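Inspection log for the structure reproduced underneath, given as structure tokens.
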Amino acid sequence: MSTPTPSPRFEEAAAYLSSAPSLSKVSDTVKLELYGLFKFITTSHSPNSSRPSIFNITGRAKWDAWKQTETTYGDRDGNAEERYLQLARELGWIEGSVQSATQSSTSAVPPATKPGDDDEDIWDDEETTKRHQGSSASMGNTHVSTITEHEEAERIAGTLHEYAVTGDIHGLQAFLQSHPTTDLNEKDEYGYTPLHLASDRGHLPIVELLLAKGVDSTIKDQDEFTAVELARVSEHDDIVAVLEKAAG
Amino acid sequence: MSSVGKEKEKDIAQDHSESEGEDDEQTDEIDHTLPEGSTPSTSSNKKKKKRSKALKALNSLRGGGKDKIPQELVDVVLNKVKTEHGDTVPDANEATVRAALEQMKIRDVIEGKSGIGGKNKKDVGTHKFWGTQPVPQLGEDAPEEDGWIEPSKPSSEVRQEPYPLPKEFVWSYVDLSDDAQLRELWDLLSANYVEDDVASFRFLYSAEFLRWALQPPGWIKEWHLGVRVASNKKLVAFISAIPISVRVRANLLHASEVNFLCVHKKLRSKRLAPVLIKEVTRQCNLRGVFQALYTVGVVLPTPVSTCRYNHRCLNISKLVNIGFTHVPSNMTLARMILIHKVPDRPRLLDHGGLREMEEKDIPQVADLYSRYMKRFGMYLEFNQDEVRHHFLSGRGEGPGSKDSWKKPRQGQVVWSYVIENPKTHKITDFFTFYSLPSTIIGHPKHDVLNAAYLYYYATETALEDGAEEDGRLKKRLEELIGDALIIADQSKFDVFNGLSLMDNVQFLKDLKFGLGDGLLNYYLFNWRTAPLAGMAPVGDVPTGKGIGVVML
């Protein structure tokens, strides 16, 4: 793993693609490849969640695409970025034509420490580079189970609240440009405003953008929580600070 | 979805083949892709025929055309999903089932190349080894009668010399009474006891836990079998067995419970595991033990049952943070925390007669255990010494007090509580759970996941007439396990795990357990019996009722 450091060119291409009309015409295959590359470059080389359930077909396809990117590019971040830029050009991006949006929204995750590999090498070093298969004829329960992905209804892509949940700042910006009169305090069917969701999920750039647009930060959700309370529970200190400052 | 057991899918595939002919050419083509070792050497013509029928059906799944997955298959799976999960899988419909079946690569599953959805992948050589062992082979029909596969023999006829190891290694019994050797085993397991290298969690058995698990009454030193590097004596592999009396339907077997097979990561290519299994088998045979019970996450030839993990999240913030669970898109973390909050004080504590189990309870607990467990297809018979060991010996250092539910003791690995009737002083119920933390691999903030696992429990209510039918048993279990959750929460466990066995399905959902992605397969070595009801019912035996064994 390495710290994601997307270059300005990449940021620009991503900003272009987030609102590119040509994107609606490309196949799912290309979209998935773009998604995989984007996550690989901006978040981490491989997905950090478990593979979504088989009923969550979209989520699963995206997860697989991300994983596939890792398989294809390994540690070659440069190549992955080159491929992303190439696809963006094919979809009409011209370098320098887009004002690079806000600084990278991705929080830089510190590189994970590699699990201790400090054992003395007394045997077959060459084998360690091979991909370990399962512990072959294993006995004993060696797989730690975790919660399966819930099969909840997915939010509809391209809505105000979906951008807030996923933290898609470019998507939100493009949405606001094309829908300038949208009510940004609107509650979704579960009683959350976009500010609630972004504060809960920890998407600082979205919170900042919404505050800049003058949203009401005192609205309470179905459990009587305001945005700042949600951010506090989720331990998003940066968002708590921003919201407190906005409240004066 | 994945609770549609592997065996079941095979049946479905076979059933389908009866009604839809395919030409033989395609079948042959697929036959070539079968791993060599997956065809049992003893397979009869009938079996071969069955196998190719299944392949034929599977092949028809792969074939071109718009309707790749036959309608009957989709219908059967869909029904199965609906009956097992009811409305918990709102997205289950024809289209999703169809897509899911395609994604699962069912053929790979049946060939043993992978588990459902490509999970639990392992090398095909594994089945080659199991093809030589006295275990039911994949695809065998259920036996008409229960019994051994290979007869027992006098110890003089058992191979007398250990199986050979590659020349740089030597056999070594690991003496767990010796702190230094216990530490070596702990080191080996905590660094290497993991199934795949994309895992985020790895079991972290404590030293106290290992002693508790591996030294029950009657433990045998030759059954704690290690492999060391000849030159520097480093412990690089391990396998264990403990003596058990396991009831499998009508038969009581003096068997061993095999566990903790672990090979150092750097030696996975040496194929030490089969040698370890053969050597521990030999050691058991020398003691007149010819049957064994073991559990594995992956599918080998051939599970007698499969159970599914369920998780009751307690420390929501941490579990979300480490990726153990996630916030559903229709709620907030704060709401999720509210929903999962448990009370601060066990409900049965003040007037219900709840207290920690004590030495004086052992005879009554043993009696209740044995009557309760008779309700299941397979369970362990415990004498009083074993009950004392399993439920009391792991309670850690320090006195028991009225408030001991608030805080774990030093070195505590098992939590055991009874309900004493205030008037009659009879023990009417008990429940136990144990601690098995996991290392969280490569997380910046958290390094250990504190998990409690539901162990054995029993209640007189289950033995009353009609208690199951009229919901009394369900209600009682919710009270008991509900208090177990509260105690676990007070002891700072992050999650409380339970399998889909015994009576668990009665309370899992209402106590807010969530489905896990882990399955546990149960195996019997050198013993044939029909499948036992685990996460799916078998015949008229309901879910869970086939299995009364909780393995550590």
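The values are calculated or read from the model by the stated rules, or taken from the named source; none is laboratory data. This is a predicted model, so every value here is computed, not measured. All Cβ positions, even for glycine, are placed from backbone atoms using ideal geometry, and neighbour counts span all protein chains on display. Protein only, heavy atoms only, side chains kept; ligands, DNA and RNA dropped before computing areas. Shrake-Rupley method; radii C 1.70, N 1.55, O 1.52, S 1.80 Å.
Pairs from the list B:Lys406/B:Lys512; A:Lys67/B:Lys318; A:Lys67/B:Lys492 with a Cα-Cα gap above 29 Å: A:Lys67/B:Lys492. Prolate is the label for the stretch B:481-532. Its Cα gyration tensor axes, ordered a ≥ b ≥ c, give a/c of at least 1.5 and a/b above b/c. Reported to the nearest whole Å, the Cα centre-to-centre distance from the stretch B:482-535 to the stretch B:231-245 is 27.
Checking every one of the trypsin sites (Lys or Arg not before Pro) in the stretch B:399-444 against DSSP loop status and a limit of 10 other Cβ atoms within 10 Å picks out B:Lys402, B:Lys423. Across the stretch B:154-287, the mean sequence separation of Cα contacts (distance under 8 Å, 6 or more residues apart), normalised by length, yields a relative contact order of 27 percent.
Comparing the full protein assembly with the isolated chain (1.4 Å probe, heavy atoms, ligands and nucleic acids excluded), the residues of the stretch A:156-204 losing at least 20 square angstrom of accessible area are A:Tyr190, A:Tyr192, A:Asp200, A:Arg201.
Pairs from the table (B:Lys278/B:Lys545; B:Lys128/B:Lys278; B:Lys423/B:Lys474; A:Lys220/A:Lys245; B:Lys475/B:Lys545; B:Lys402/B:Lys423) lying more than 21 angstrom apart at Cα are B:Lys278/B:Lys545; B:Lys423/B:Lys474. Think of a 1.4 Å ball rolled over the protein heavy atoms: the stretch A:145-244 then has 45 Å² of accessible area per residue.
Give me a comma-separated list of calculated 3J(HN,Hα) values for the stretch B:329-338, in order, Karplus coefficients 6.51, -1.76, 1.60 applied at θ = phi - 60°, integers in Hz, x for any Gly or Pro. The phi angles translate into 5, 9, 8, 10, 4, 4, 5, 4, 5, 4 Hz.
With a ≥ b ≥ c the root eigenvalues of the C-alpha gyration tensor of the stretch A:160-247, is it rounded (a/c under 1.5), prolate (a/b larger than b/c) or oblate? Prolate shape, in that a/c is at least 1.5 and a/b is the bigger ratio. Computed on the stretch B:306-525, with alpha-carbon pairs under 8 angstrom and 6+ residues apart, the relative contact order is 33 percent.
Normalised by the number of residues in the stretch A:160-247, what is the relative contact order in percent for Cα pairs under 8 Å and 6+ residues apart? It comes to 26 percent, rounded to a whole number. Close amide H contacts of B:Glu257 (hydrogens built in the peptide plane, cut-off under 5 Å, sequence separation of 5 or more or a different chain): B:Ile242, B:Ile244, B:Leu293. The 3J(HN,Hα) values that the Karplus relation (6.51, -1.76, 1.60; θ = phi - 60°) gives for the stretch B:219-229 are, in residue order, 4, 10, 5, 5, 8, 10, 9, x, 10, 10, 6 Hz. Gly and Pro appear as x. Among the protein heavy atoms, those of A:Ser18 account for about 50 Å² of accessible surface (1.4 Å probe, every chain in place).
Between the amide H of B:Arg312 and those of B:Phe496, B:Asn497, B:Gly498, B:Gly514, distances stay under 5 Å, these residues lying 5 or more places away or on another chain, with hydrogens modeled in the peptide plane. The distance separating the Cα centre of the stretch A:177-248 from that of the stretch B:378-436 comes to 48 Å. When the square roots of the Cα gyration tensor eigenvalues are ordered a ≥ b ≥ c, the ratio a/c for the stretch A:8-90 is 1.5 or more and a/b does not exceed b/c, which makes its shape oblate.
Determine the total buried accessible area between chain A and chain B, counting protein heavy atoms only with a 1.4 Å probe; round to the nearest 100 Å².
When A and B are taken together, about 6300 Å² of accessible area is lost.
Phi-derived couplings, Karplus 6.51 cos²θ - 1.76 cosθ + 1.60 at θ = phi - 60°, listed residue by residue for the stretch B:361-373: 7, 3, x, 5, 5, 4, 5, 4, 4, 5, 6, 5, 5 Hz, with x used for Gly and Pro. Nonpolar atom fraction for the stretch A:160-247, defined as the carbon and sulfur part of the 1.4 Å probe accessible area, stands at 47 percent.
Close amide H contacts of A:Ser7 (hydrogens built in the peptide plane, cut-off under 5 Å, sequence separation of 5 or more or a different chain): none are found.
Using the Cβ-Cβ distance between B:Ser269 and B:Asp178 with R0 set to 35 Å, the FRET efficiency from 1/(1 + (r/R0)^6) comes to roughly 0.70.
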